[in-house]
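This report refers to the structure that appears directly beneath it.
The values are calculated or read from the model by the stated rules, or taken from the named source; none is laboratory data. Note that the coordinates shown come from a computational prediction; the quantities given were computed from them, not determined experimentally. Reconstructed Cβ throughout: ideal geometry from the backbone, glycine too, with neighbour counts over all protein chains shown. To get the accessible areas, we keep the full protein, side chains included, count just its heavy atoms, and leave off ligands, DNA and RNA. Shrake-Rupley method; radii C 1.70, N 1.55, O 1.52, S 1.80 Å.
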Amino acid sequence: MALFMVVLVLLFILALSICTALLRWNELKFSKKGLPPGTMGWPIFGETTEFLKQGPNFMKNQRARYGSFFKSHILGCPTAVSMDPELNRYILMNEAKGLVPGYPQSMLDILGKCNIAAVHGSTHKQMRGALLALISPTMIKQQLLPKIDEFMRNFVSDWDNKIIDIQEKTKQMAFLSSLKQIASVESTSIAQEFMPEFFKLVLGTLSLPIDLPGTNYRRGLKARKIILTILKQLIEKRRGNQESHKDMLAYLMSKDDNNRYKLSDDEIIDQIITILYSGYETVSTTSMMAVKYLHDHPSILEELRVSNKK
């Protein structure tokens, strides 16, 4: 029995020594001169577990320890994190002047090589021009806002006298609303198949790029393949019936002179995925919190109702 306990103690000390050595080695690997302060966590995994588990608190804790500019290792990538408004503004203003944006490998793999986050230079300018044209003042006023208003009224029309999981509902709302803007006529018919795969895709982008069975990354890649098939069939169907549509997909597919950014089918599909992805998390979270705070402050809700009647 005593020998067994000694062996256990020795194994524990050995494991602790190995863990300490690995942590130390990873810190030394990224201790180059000029890098901001911070910790890098484990090799390969970095601090991904803490980042995903703690959410915004992870950033707050790191800022409290190292300031508004620090380094970390998240989602398989060495990362410099800036929480300084002035520095962030400088980076965004100089994106086309030597600063190249970088994104986690899992996000680039799953969102596609043609998405706007993965391309640079003239190709990025072309993609950005195509996307900005979709949200021009005229497009917003005449197309987007009326459709969003109609969709939202229908979406909440059956909530009376029901217990609602507002987090789940706002996720559905953000996805379905975006899908309706992209493919207005077909949105209802493809949503049931599209939505669960899209949610897997989102989780896959927020994971380590380790392609093993059972991982969110593997599920995200599989979900992307299914989504590609759905969107390719939709584009082929549009081309086959030659009907006129007034939505984002119609504009991206347009070959007339009004659309000077001629995108291939692969580029169109990756932009559609990017549009859905970019609006999903922020819109759903913001909407959920708006509903919560309006519920908690009925006087503000009443002011909004009065304002809406004017």
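Looking at Ile273, Ile268, Ile226, which one is free of Cβ contacts under 8 Å to residues at least 60 places away in the same chain, within 30 Å of the chain's Cα centre (by Cα) and open to solvent by less than 40 Å² (accessible area, probe 1.4 Å)? Within the list Ile273, Ile268, Ile226, the selection yields Ile268.
Criterion applied to Tyr280, Tyr251, Tyr293 was being closer than 25 Å to Gln105 by Cβ and among the hydroxyl-bearing types (Ser, Thr, Tyr), and the one residue passing it is Tyr280. For the subset of segment 89-142 comprising residues that are among the basic types (Lys, Arg) and either open to solvent by less than 70 Å² (accessible area, probe 1.4 Å) or part of a loop (DSSP other than H, G, I, E, B) (or both), which member is modelled with the lowest pLDDT? It comes out as Lys97.
Within segment 154-163, at least one residue is open to solvent by 40 Å² or more (accessible area, probe 1.4 Å), part of a helix (DSSP H, G or I) and more than 30 Å from Arg218 (Cβ to Cβ). The listed residues are Ser244, Ser278, Ser207, Ser287, and the only one of them that is assigned by the TED database to the domain that holds Thr170, farther than 19 Å from Ile148 by Cβ and open to solvent by 20 Å² or more (accessible area, probe 1.4 Å) turns out to be Ser244. For segment 164-178, a tally of residues being open to solvent by 60 Å² or more (accessible area, probe 1.4 Å) and more than 28 Å from Met248 (Cα to Cα) returns 1.
The residues of segment 59-77 that are outside any loop (DSSP other than H, G, I, E, B) and exposed (fewer than 15 other Cβ atoms within 10 Å of the Cβ), listed by number, are Lys60, Asn61, Ala64, Arg65.
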